[in-house]
Amino acid sequence: MEEENELIALRRQKMDALRARGVAPFGQSFETSGSVAEVREKFSEGTPLRAAGRITAHRDMGKSHFLDLRDATGRIQIYAQAKELGPEATEIFGLLDLGDFIGVEGTCFLTKTGEPTLKVHRFEVLAKTLRPLPEKWHGLTDVEACYRQRYLDLVTNERSREVFANRIAIVRETRRFMESRGFVEVETPMLQTVAGGAAAEPFRTHHKALGIDLYLRIAPELYLKRLLVGGFNKVFEVNRNFRNEGISRRHNPEFTMLEAYWAYANFEKIADLVEELICHLAATIIGSLQIEHHDAEGKVTRTINLTPPWRRARYRDLVCEVAGADWFGLTSEERRAQAHLLGIEIQPQMADYEVTQHIFEKLVEEKTYDPVFVTHCPKELVPLAKQNAEDDSLVDVFELIINGQEIAPGYTELNDPFVQRQRLLEQAGEETQKIDEDFLLALEHGMPPAGGVGIGIDRLTMLLTGAESIRDVILFPLLKPKQG
RNA sequence: GCACCGCUAGCUCAAUUGGCAGAGCAAGUGACUCUUAAUCACUGGGUUUCAGGUUCGAUUCCUGAGCGGUGCACCA
């Protein structure tokens with residue numbers, strides 16, 4: 001990492017020159033009037049204010065200089081004059097570079113173009129930067145560099161700052177909303193002896209003192225349900241799940257999930273809750289229920305309409321809409337032929353319900369942008385939900401689809417310990433060590449009927465911010481380390 | 001895991017059929033007291049991701065590797 005080039009060498013020399021003048025290149029605390037955005041809010045001509053940030057532009061007019069000072073909240077122009085600073089400070093000023101952190105004390109004034117500006121009386125060097133910033137106009141565009149060096153992306157790209165500000169707001173507003181509905185936030189184990197609650201491949205680790213293998217959780221579900229057994233009526237958790245599977249535009253090995261359980265409710269009440277939550281987030285954070293996605297040139301590529309009430313449709317009806325009204329009357333062979341006609345590739349070993357599911361994914365899910373709650377799914381697809389009282393081939397669940405993706409599955413939760421054991425056994429097959437006996441024991445002590453839901457916060461953020469890749473909404477997505 | 005594509009200065013991008021590797025920003029020097037992608041003049045800056053190969057000559061063609069992107073596969 002000892003790369004040395006002309007640019008870095010020069011900055012080192014400036015750092016040394018600062019030291020030679022008795023200026024610490026990496027300074028101490030600095031009292032400010034607030035963040036850059038707050039300084040702008042407090043701006044009033046003639047008022048003295050103090051601001052700190054990075055220098056991101058320098059317009060040198062000879063005896064006077066205009067600089068942009070920037071932090072994550074915004075930008076403010078500062079104005080420095082040799083006459084005002086005096087000869088000593090002017091010399092130190094000359095040792096500053098783009099990217100350096102400085103703190104300034106100055107008086108508010110408006111330039112003749114009306115730009116709010118701080119006229120600098122005094123400044124302090126807070127941190128010298130040894131490496132140059134990316135180009136000021138295009139910013140950092142190399143996607144790999146944006147992910148590996150997110151700080152540079154954040155410093156130079158307004159769009160990236162906006163996406164992450166929105167993500168932060170989504171998580172904050174989600175917590176507020178859930179609490180306002182009487183849900184309490186809890187923390188359940190990340191390290192689990194049995195990785196339950198989903199059918200994903202877990203990450204494995206080891207506890208030395210106990211001498212046992214542990215798993216990073218793939219879902220918090222079975223612990224949140226234990227809390228229903230313990231008498232909590234409304235619980236939620238917003239935290240990370242870990243799945244040891246492929247990485248793609250829609251998958252990161254660690255991702256954030258809101259999971260919530262509501263005693264005495266069912267999937268329909270949960271659907272209402274989810275609809276209200278997402279509309280609340282869109283209205284308060286994006287400012288509209290019409291979510292526009294744009295391409296690189298800024299043209300609108302898609303508008304998602306979140307105006308409630310959202311469509312609720314049965315799985316069966318949605319499949320018939322795309323595959324023909326008689327789909328479920330067809331024989332196994334006829335269905336495969338029909339799928340082929342529709343341009344869907346079917347592997348010969350697929351079961352009939354998988355053929356239907358494949359049709360559903362390709363022709364319904366991937367083409368559905370406005371929200372749809374898909375209800376009455378076949379039980380094979382969702383083994384942990386309660387069966388429908390009238391038709392036991394169906395389960396009482398919804399799959400919420402927006403933006404061509406599954407955003408949230410919601411269930412009426414299974415609380416019969418016998419049926420639950422049987423389902424878990426079917427799912428585990430030979431691998432009985434995968435059965436969470438402690439959870440089944442809890443169920444035998446009685447879990448109230450309940451509704452539950454999991455919402456992928458990353459995908460929800462993609463939907464609301466128009467990001468095309470999950471890596472664009474995760475500050476530090478997992479990448480292979482660079483070698484050499 | 002498979003397929004296709006990409007990798008050139010700190011950053012953003014050029015380089016015709018294989019023929020001296022260029023520009024803008026950033027940097028350095030100089031000019032300029034209201035600029036805001038400031039402007040003007042001059043200057044420096046390269047192991048073309050890496051390792052091989054073909055060739056008089058490779059950023060360019062071939063083989064392999066690394067990392068990334070997209071799609072497929074995987075994924076309740």
Taking A:G451 and the conditions (1) open to solvent by less than 20 Å² (accessible area, probe 1.4 Å); (2) part of a strand (DSSP E or B); (3) within 14 Å of RNA strand B (Cβ to nearest atom), which numbered condition does it fall short on, given that it satisfies the others?
(3)
Regarding A:G343, is this residue within 16 Å of RNA strand B (Cβ to nearest atom), surrounded by fewer than 19 Cβ atoms within 10 Å (Cβ to Cβ) and either modelled with pLDDT of 90 or more or on the phi > 0 side of the Ramachandran plot (or both)?
yes
Positions within the range A:375-417 being in a strand (DSSP E or B), among the polar types (S, T, N, Q) and free of Cβ contacts under 8 Å to residues at least 60 places away in the same chain, in sequence order:
A:Q387
Just give me the residues in the range A:243-265 being of a type outside the set (S, T, Y), away from RNA strand B (no atom under 15 Å from the Cβ) and open to solvent by 50 Å² or more (accessible area, probe 1.4 Å), in sequence order.
A:W262
On the given criteria, is A:D153 among the acidic types (D, E) and in a helix (DSSP H, G or I)?
yes
Based on what the data block shows, is A:V238 under 29 Å from A:F439 (Cα atoms), of a type in the set (A, V, I, L, M) and open to solvent by 20 Å² or more (accessible area, probe 1.4 Å)?
no
Answer yes or no: is there a residue in the range A:383-397 that is in the same structural domain as A:G446 (by TED's automatic domain parsing), near RNA strand B (Cβ under 10 Å from one of its atoms) and surrounded by fewer than 18 Cβ atoms within 10 Å (Cβ to Cβ).
yes
Selection count where residues are farther than 27 Å from A:Y151 by Cα and within 6 Å of RNA strand B (Cβ to nearest atom), scope the range A:39-64:
4
Looking at the range A:58-74, I want the residues that are among the polar types (S, T, N, Q) and have a partner that is not in a strand (DSSP E or B) with Cβ atoms under 7 Å, at least 6 apart or on another chain. Which pairs are those?
A:T73/A:S35; A:T73/A:V36; A:T73/A:A37
Here are A:G99, A:G114, A:G139, A:G94: which of them is under 19 Å from A:R59 (Cβ atoms), within 12 Å of RNA strand B (Cβ to nearest atom) and under 27 Å from the mean Cα position of the chain (by Cα)?
A:G139
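The values are calculated or read from the model by the stated rules, or taken from the named source; none is laboratory data. The model shown is predicted, which means the values in this text are computed figures rather than measured ones. Glycine also receives a Cβ, built like all others from the backbone with ideal geometry; neighbour counts cover every protein chain displayed. We work out accessible area using only protein heavy atoms, side chains counted, and drop any ligands, DNA or RNA first. Shrake-Rupley method; radii C 1.70, N 1.55, O 1.52, S 1.80 Å.
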